[in-house]
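Please read the structure below before turning to the comments.
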Amino acid sequence: MNPLSDNSIMLKVKNGDLDKLGLLFERYHRPLFGFLFHMTGQRELSEDMVQNVFYRVLKYRHTFRGDGEFKTWMYHMARNVVNDNGRTLKRSIRQQELTEYNTDNVGGGFAADESIHKKQELATLRNAMAKLSEESREVLILSKFQELKYNEIAEIMDITEGAVKVRVHRAIGQLKNMYLQIAN
Amino acid sequence: MKCENDKEQITLWINNEMTEAERNAFEIHLAECAECRQELKAEQRIWNLMNEVAAPQASADMPVRFQAMLEDYKESQQPRSNPVSGFIEKLRQLWTLQPGMQMAYTIVLVIIGLGFGYLINRQSPNSGYANKQEITALNKEVHEMKEMMMLSLLENPSASERIRGVSYTSEIKSANKEVIDALLYTLDNDQNVNVRLVTLEALTQYADDAHVREGLVQSIGKQDSPLLQSAMADMMLKLQEKRSVQSFKKLLQQKDLDNSIRGKIEQTITKLI
């Protein structure tokens, strides 16, 4: 096994070399933050959740067997963190999401010189995403933003790959319809 | 023209989740089907637009916070890194604590016990005296009852009952003259050898009494059973009763005396003199 692979590093952490977890944090805290931000729409909360996920990775390191990918194991924990927060959050998410998405915190391709048309399009899309069901949004985030393959998503969500196919397709359909509905 | 193709394939194509063969087949269909082409275009537009929906940059201090969390965690694990010795230490503390507590309980209990005992005893002198008197009276009564029982049992026709009566004397510490007389009478006259033997034994305990000794010595001549004669000889030897020599000599003069007993008595006489 490649000594620098996620799994071999995580196995070292499991065997007591806790400092090695820093490497994995370096690799994954940004995508993880992205996932959590898209899920919750709240920046500070998402940062706290990232810490929380890595705390759980430490705490439950003995349950990592190394037969699956570290990445899917980590997202599994991240989903649990989201679910634990979920009940108290649900109501505030949509409001938050809109406000936070629309603030200047949004980076990457969202420069001031872009056309107003593009801005409107993006705003509409964010709006549409915020209106999606949790389930649909999650598969879209995992497959689009986290660039995970269907089999990985299936593992993270504890469902079959076939179910992932159906959900992603349905989610894109819903998003498209929502987008058109808002745009018009 | 209505398209029969599964629309799910469009998403699979966009997401690059198709096998080589699937993709080829789908792309052939796509070239022919305007409906699917349109659908794919719409989906892809959304999909591409999502590329531009980006999350904000995570704060730069996240790694710092992570390190702090990690250090905290390692510190919290520190005592647990040595869980066995910690546990043993705790056990040892319990161990040393426990006997102390037990000792304290014991002492307290003993003190309570002493206190109760003292209280109970302090109440007793007045009533205790009466009790004592009562007990003495009762004892005396029981004693008398036993004597009576014994006396009446000695007159019982059954030999075993008479033996029982004789054995009562072992419970009568200071037998009065009446009892002793009764025993001596039994020793001399009872027709059962066993009863007489038991009686002889019972009388031994009163051998200090001059009256009893005299009765025993006199009884020697009256015994016709070799068993009794032998027992008498043993007894006199034990008591070192010199007065019995006379009675034994008289006994030797009897013609029908058992030969072995004769020898024994002669021996006894020499020893006593």
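Just to confirm my filter: which helices (runs of 4 or more DSSP H) fall fully inside the range A:1-76 and include at least 2 residues that are touching a helix residue (DSSP H, G or I) at 6+ places or on another chain (Cβ under 9 Å) and more than 12 Å from chain B (Cβ to nearest Cβ)?
Correct list: A:6-14.
For the range B:142-195, enumerate the residues that are assigned to a loop (DSSP other than H, G, I, E, B) and not polar (S, T, N, Q). Quick ask: steps written out before the conclusion?
At the first step, the residues of the range B:142-195 found to be assigned to a loop (DSSP other than H, G, I, E, B) are B:155-158, B:172-176, B:190-192.
Scanning the range B:142-195 gives B:Glu155, B:Pro157, B:Ile172, B:Lys173, B:Ala175, B:Asp190.
Could you list, in sequence order, all residues of the range A:145-173 that are at the interface with another protein chain (Cβ under 8 Å from one of its Cβ atoms), within 15 Å of the chain's Cα centre (by Cα) and surrounded by fewer than 21 Cβ atoms within 10 Å (Cβ to Cβ)?
Scanning the range A:145-173 gives A:Phe145, A:Lys149.
Within the range B:33-66, can you find the residues that are under 22 Å from A:Phe54 (Cβ atoms) and either within 7 Å of chain A (Cβ to nearest Cβ) or not in a helix (DSSP H, G or I) (or both)?
The answer is B:Ala55, B:Pro56, B:Gln57, B:Ala58, B:Ser59, B:Ala60, B:Asp61, B:Met62, B:Pro63, B:Arg65, B:Phe66.
With the condition kept exactly as written, say whether any residue in the range B:18-26 is modelled with pLDDT of 85 or more, within 12 Å of chain A (Cβ to nearest Cβ), surrounded by 15 or more Cβ atoms within 10 Å (Cβ to Cβ) and assigned to a loop (DSSP other than H, G, I, E, B).
Yes, the conditions are met somewhere in the range B:18-26.
Given the residues B:Leu203, B:Leu251, which is the only one that is more than 19 Å from B:Leu183 (Cβ to Cβ) and either surrounded by 20 or more Cβ atoms within 10 Å (Cβ to Cβ) or modelled with pLDDT under 80 (or both)?
B:Leu251
The values are calculated or read from the model by the stated rules, or taken from the named source; none is laboratory data. Note that this is a predicted model, so its numbers are computed, not measured. Neighbour counts are summed over all protein chains in view; Cβ atoms, including those assigned to glycine, are modelled from backbone coordinates with ideal geometry.
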